[in-house]
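Comments concern the structure below.
The values are calculated or read from the model by the stated rules, or taken from the named source; none is laboratory data. All values derive from a computational prediction rather than experimental measurement. Neighbour counts are summed over all protein chains in view; Cβ atoms, including those assigned to glycine, are modelled from backbone coordinates with ideal geometry.
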Amino acid sequence: MSTPLLAGLGILIPLLGALGVALTGRRPDLREAVSLAAATAMAFTVAALFPEVLAGGRPQLQLLELLPGLSLTLIVEPLGLLFAMIASALWILTTVYSIGYMRGNNEAHQTRFYVCFAVALAATCGIAFAGNLLTLFVFYEALTLTTYPLVTHKGDADARAGGRLYLGILLGTSIGILLVAIIATWAVAGSIEFRDGGILAGRADPFVASLLFALYMFGIGKAALMPFHRWLPAAMVAPTPVSALLHAVAVVKAGVFAVLKITIYVFGIDFLDATGASDFIMWVAAFTLLAASVVALRKDNLKARLAYSTVSQLAYVVLGATLATAMGVMGGSLQIAMHAVGKITLFFCAGAIYTAARKTEISTMDGLGRVMPFTFTAFLIASLSIIGLPPLGGAWSKWYLMVGAADAGETLMIGVLMLSSLLNVAYLLPLPARGFFRPPPEAAGESMPPGAETSAIRTARIREAPLACVGPLCITALGCLLMFFYGDAVFTLMAPVIEASTFTARLTP
Amino acid sequence: MIEAHLPVLQVVVPLILAPACVLCKDVPAWLMALLGSAWSLLCAALLLAAVLHHGPLDYAIGGWPPPWGIAYRIDTVNAFVLLLVSVIATAVVIYARRSVASEIAAGQHSLFYSAYLLCLTGLLGITATGDAFNLFVFLEISSLSSYALIAMGSDRRALTASFQYLIMGTIGATFILIGVGLSYMMTGTLNMADLAARIPTVSDTTTMRAAFAFLTVGISLKIALLPLHLWLPNAYAYAPSVVTALLAATATKVAVYVLLRFLFTVFGASFSFATMNLDIVLVPLSLAAIAAASLVAIFQSNVKRMLAYSSVAQIGYMTLGISLSNVTGLTATIVHLFNHALMKGALFLALGCVMYRIGSVHITQFAGLGREMPWTMAAFVAGGLSLIGVPLTVGFISKWLLILAALENGWWPVAVLIVAASLLAVVYVWRVVEQAYFKPPPGEATRGEAPLSLLLPTWALVAANVYFGLDTSLTADVAGIAARELLGGGP
């Protein structure tokens, strides 16, 4: 099969999967088999594009043309392929995990859940392969709309309120700001295609470029730059598999992926560097990075803490883009990959703890590590990866971001990154520490509150979550480790994207 | 030989069928209305094809050559509007049988279809004619019949709404007549082509300027341009569902066409905009219409009224495109004429389905409808997305062109306002969606889906909303040709 069609298939397969799931809704086993088959088929289809793109190919497929110069086009380039590969590979694991979680918790409307999940993956793939801003915008909106039923899955008042905030912020910023930026780009550059080296160079003066850049960065609400980050914690009302794949990988990464793509292919690194258009946003990103970490420290609810941690980690990618250096962009791209694997593990663990022990608050998880050793070990490994310790994948992204900051001469940003790593330690490690080192509540001492006895008995009965839950989280934790040793694969894939930059010298040691 | 007579046949056949309707019982009357609408659709399609291939068509009624006789002249602009009117009329009339049976008293049905055909005749006549006075006559035919149609609404407030419209409409028509009379006084002709040729020689007179003012204000009343829109919300809210759909999708569009015709063909763009500086008035009013009417729409509790205010806002987009007076702006206006007819047609037909089952379109009545009337509400959501201007629907194409036109003139704030108004549209569409999908239905009585004869025309228009959002060769390309014709001088 010719490779451009493979790109289209990447979108088509999840859609067909959604159809299959809808049709087999009455027979849960068959339905889950269809989900798994679609996930596997999508992952292999996307992976099949890898050799050609690595060899410098750019498969291109025009879906349709609306007006002259305004078309829906797919182009597979390294950054998009990286994103699609991560999302599709993690979809397989999430499907396995979902089966364990949804059945373990007896959730309702499971067919709707799997249908929306599959369609959301199709939209994610569309974002990854978007060949111009319009295509990106269309799939971006489709992703917002298809994930909305997943966020409000529980259907109670909390879920509705969260869903309203989710939809309000994401639609509001995209229609109100992002669309304006796209139209303005068309007016300034006469094109909205993604091109190597950008389309704005030589057409926009520094002021217009700064304005446009700010519009893009705030318009992409999914990148959760403050003050448009509130939807991300609000979306935590969703079932944990949704939080895991969508709000640690697909949706939020779609946001920062769009940030990187627009930085590289609309502005161009050199143009950004020359005009300084990204300076203001760099400070916004630095602020978001620290502020979200501080907020995360104060959250006792595990999912809320992870949500703010995500806000903070997303700002790393935006920071990498705004440094306007080759290494900064490289660091941002690596962060997309490394953070995805790490954060999905953390969310899987949060869900496993909920399924096994019905606990959501960190302060109630004392001693749990002794009865759920696999889950808590995985949590520890993933936390260390997020913090950026070798030999775990997260080390690479932090490394290159710092190199990027040094190249850009922004020494203060190196300080920000270091401070943030310390904050990461402070908000992530208490959970494994409590789990392993604190005694379970029954041995807590004399001042035992009434009713604690029953809770002590419950703690004693807690076992690891079902295998379908624990299996995937062990695999992703292992993935954090592997990503350290295979980080160069990502590097080689991404190298041509930034080769055009003036900092080529650093790529060839 | 019949092809040569198409320009007049498509107007005359519905006119002849209208009195015949009165003599029939309900079902034959409906069949006649269907026949008349389908016939006009066939004629319009053939005419547009002919105009696109061979250029404008001239037709002298009764063989009397202009300027003595009445001339019909079909060029790209009005062929396009004719197609639009007849497409909507046909979709609505298919829908009408069940809907009219439930909303209008038995025994009045044949009268209804008669008035319907007369209204269609009037709208087609206004569009096809090349004679300024003949245009006034058809305007009155369509207006009088639409007053009657609105008054047939089951709510008693329909009578006052109709009366309100009658007063305002008559003032508008009188202004138009005065304008035509003054031009006749100065030029001695009623034929539009002749008028266009002679006006430049007398344009620098107070009389001509007064004629221009009377015509513009009179037509703006029929368009319902803010602040002359006050008749529209009530008329749309209390008219029978089919009538709302027909009027919202065609009547104001034809009035916009008339404005285009007078501003660009008869008076000429340089007189209208360079000499009279119409844009100084039209731009602020259009922007006010877009912003204010969208805001007001958010606070309506009657969904039909909400969409009526949304129509006032959408008319603002069209007049904004006109006042930009560049090719892209005019293209945007003409495309939006067509696209807005498709979206409002679909939305009002969906509301008609709700009216048919529930008997009310108050927003609280929508609770739980997403589950009980899934197809109807899906059609409403699709129409709503198009109204907002989401890509892959016609609404996006309209807004895209309009924003480009604004940027071509360097009007950045206007472009931003257009986008901001889309956000207001998100809010008022969302209110209905939230009721329909997130509120439990009241009471225990389950209400079923609307019958197929209502759903099919609704979904045909929804499909058109998507199709013309993807394939713009009919809309944007033809509108581009039409816009260049309008700016390129006389017809």
*Could you tell me which residue of the range B:206-261 is farthest from B:N302 (Cα to Cα), considering only residues that are of a type outside the set (A, V, I, L, M) and part of a loop (DSSP other than H, G, I, E, B)?*
B:P227
*Among the residues of the range B:174-183, is there at least one that is in contact (Cβ under 8 Å) with a residue 24 or more places away in the chain and over 19 Å from B:F267 (Cα atoms)?*
yes
*asked:* So, A:A181, is that one of a type outside the set (D, E, K, R) and more than 12 Å from every other protein chain (Cβ to nearest Cβ) or not?
replied: no
*Of the residues B:S473, B:S453, which is polar (S, T, N, Q) and farther than 23 Å from B:L337 by Cβ?*
B:S453
*Restricting to the range A:184-215, what's the tally of residues that are touching a strand residue (DSSP E or B) at 6+ places or on another chain (Cβ under 7 Å) and away from chain B (no Cβ under 13 Å)?*
3
_When the residues of the range B:282-297 are narrowed to those that are surrounded by fewer than 16 Cβ atoms within 10 Å (Cβ to Cβ) and of a type in the set (A, V, I, L, M, F, W, C), which ends up nearest to the chain's Cα centre (by Cα)?_
B:A288
*Are there any pairs with C-beta distances below 6 angstrom linking a residue in the range A:365-377 that is within 16 Å of A:F348 (Cα to Cα) to a residue that is among the β-branched types (V, I, T) and modelled with pLDDT of 85 or more, with the two at least 6 apart or on different chains, and if so which?*
none
*Out of all the residues in the range B:307-359, which are modelled with pLDDT of 90 or more and basic (K, R)?*
B:K344
*the range A:136-159: number of residues that are away from chain B (no Cβ under 11 Å), in contact with a Pro (Cβ under 9 Å, 6 or more places away or on another chain) and hydrophobic (A, V, I, L, M, F, W, C)*: 1
*asked:* Test of understanding: among B:V390, B:V427, which residue is closer than 29 Å to B:K304 by Cβ and without any contact (Cβ under 8 Å) to a residue 12 or more places away in the chain?
replied: B:V390
_Any hit, the range A:221-241, residues being within 14 Å of chain B (Cβ to nearest Cβ), crowded, with 24+ Cβ neighbours inside 10 Å, closer than 30 Å to A:A89 by Cα and not hydrophobic (A, V, I, L, M, F, W, C)_ = yes
*Quick one: which residue in A:Y166, A:Y148, A:Y216 is closer than 20 Å to A:P241 by Cα, part of a helix (DSSP H, G or I) and in contact (Cβ under 8 Å) with a residue 24 or more places away in the chain?*
A:Y166
*Looking at this structure, is B:V390 in a helix (DSSP H, G or I) and either under 27 Å from B:T364 (Cβ atoms) or touching a strand residue (DSSP E or B) at 6+ places or on another chain (Cβ under 7 Å) (or both)?*
no
*Enumeration of residues in the range B:356-365 that are over 19 Å from B:Y309 (Cα atoms) and not charged (D, E, K, R)*: B:Y356, B:I358, B:G359, B:Q365
*asked:* Please verify whether A:G388 is touching a Phe, Trp or Tyr at 6+ places or on another chain (Cβ under 9 Å) and free of Cβ contacts under 8 Å to residues at least 60 places away in the same chain, treating the condition exactly as stated.
replied: yes
*Working only within the range A:334-381, note down all residues that are touching a strand residue (DSSP E or B) at 6+ places or on another chain (Cβ under 8 Å) and assigned to a helix (DSSP H, G or I).*
A:I362
_Give all pairs with beta carbons closer than 7 Å in which a residue from the range B:360-372 that is touching a residue at least 40 places away in the same chain (Cβ under 8 Å) and under 15 Å from B:A450 (Cβ atoms) meets a residue that is not in a loop (DSSP other than H, G, I, E, B) and not hydrophobic (A, V, I, L, M, F, W, C); count only pairs at least 6 apart in sequence or on separate chains._
B:V361/B:N302; B:V361/B:K304; B:F366/B:Q435; B:G370/B:Y437
*Any idea which residue in the range B:92-148 is surrounded by the fewest Cβ atoms within 10 Å (Cβ to Cβ), counting only those that are farther than 16 Å from B:K222 by Cα and of a type in the set (F, W, Y)?*
B:F133
_buried (at least 23 other Cβ atoms within 10 Å of the Cβ), assigned to a helix (DSSP H, G or I) and in contact with a strand residue (DSSP E or B) (Cβ under 9 Å, 6 or more places away or on another chain): is that true of A:G126 in this structure?_
yes
_Members of the range A:160-175 that are surrounded by fewer than 19 Cβ atoms within 10 Å (Cβ to Cβ) and within 10 Å of chain B (Cβ to nearest Cβ)_ = A:R160, A:R164, A:G168, A:G172
*Subset tally (residues that are assigned to a loop (DSSP other than H, G, I, E, B) and either surrounded by fewer than 19 Cβ atoms within 10 Å (Cβ to Cβ) or among the hydroxyl-bearing types (S, T, Y) (or both)) for the range A:41-72*: 6
*If you take just the helices (runs of 4 or more DSSP H) that sit entirely in the range B:393-491, which of them hold at least 2 residues that are within 12 Å of chain A (Cβ to nearest Cβ), crowded, with 17+ Cβ neighbours inside 10 Å and basic (K, R)?*
none
